[in-house]
Amino acid sequence: MWERDFNELREVLSQNIKRLRKDMGLAQEKLGLESGVDRTLVSKIERQIANPSLEILSKIATQLQVSVVELLTKKN
């Protein structure tokens, strides 16, 4: 059961980062550069391959001007 919840959360995170990044007109490379996160890690998060630390989520959230909670919240 936790695996299903974990996979859903990872999908929500991926979709939110991608949507917010595109809404701001940022390429993965620019988001990574401006947030201090490697571009390849941004790509892996968006493709649901990587599991970012809280520090990484905080850096990305700050750059996208949202809270970490918002990154992890499903949008309807």
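Just so you know, all these numbers are worked out from the coordinates, no wet-lab data involved. Small disclaimer: the values here were computed from a predicted structure and weren't measured. Note that each Cβ is placed from the backbone with ideal geometry, even for glycine, and that neighbours are counted across all protein chains shown.
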> Taking Rh as the Kirkwood radius computed over C-alpha pairs, what is the Stokes-Einstein D of the chain at 25 °C in a medium of viscosity 0.890 mPa s, expressed in µm² per second?
Replying inline: 201 µm²/s
> Among all stretches of the chain without exposed trypsin sites (Lys or Arg not before Pro) (DSSP loop, at most 15 other Cβ atoms within 10 Å), which one is longest?
Replying inline: 1-46
>> At 222 nm, what value in deg cm²/dmol follows for the chain if DSSP H runs of at least 4 each add -39500 (n - 2.57) and the sum is divided by all its residues, to the nearest 500?
In response: -20500 deg cm²/dmol
>> Please enumerate, by chain and number, the lysines with C-alpha under 20 Å from the C-alpha of Lys75, excluding those fewer than 8 residues away in the same chain.
In response: Lys18, Lys22
> What dipole magnitude, in Debye to the nearest 20, does the chain give about its Cα centre under +1 on Lys/Arg Cβ and -1 on Asp/Glu Cβ?
Replying inline: 240 debye
> From the backbone phi of the range 59-72, what are the Karplus-calculated ³J(HN,Hα) couplings (6.51 cos²θ - 1.76 cosθ + 1.60, θ = phi - 60°) in whole Hz, Gly and Pro given as x?
Replying inline: 5, 5, 4, 4, 5, 8, 6, 9, 8, 4, 4, 5, 5, 9
> Over the chain, what is the relative contact order in whole percent, taking alpha-carbon pairs under 8 Å and six or more residues apart?
Replying inline: 36 percent
>> Please enumerate, by chain and number, the aspartates and glutamates with C-alpha under 16 Å from the C-alpha of Lys74, excluding those fewer than 8 residues away in the same chain.
In response: Asp5, Glu8, Glu11, Glu46
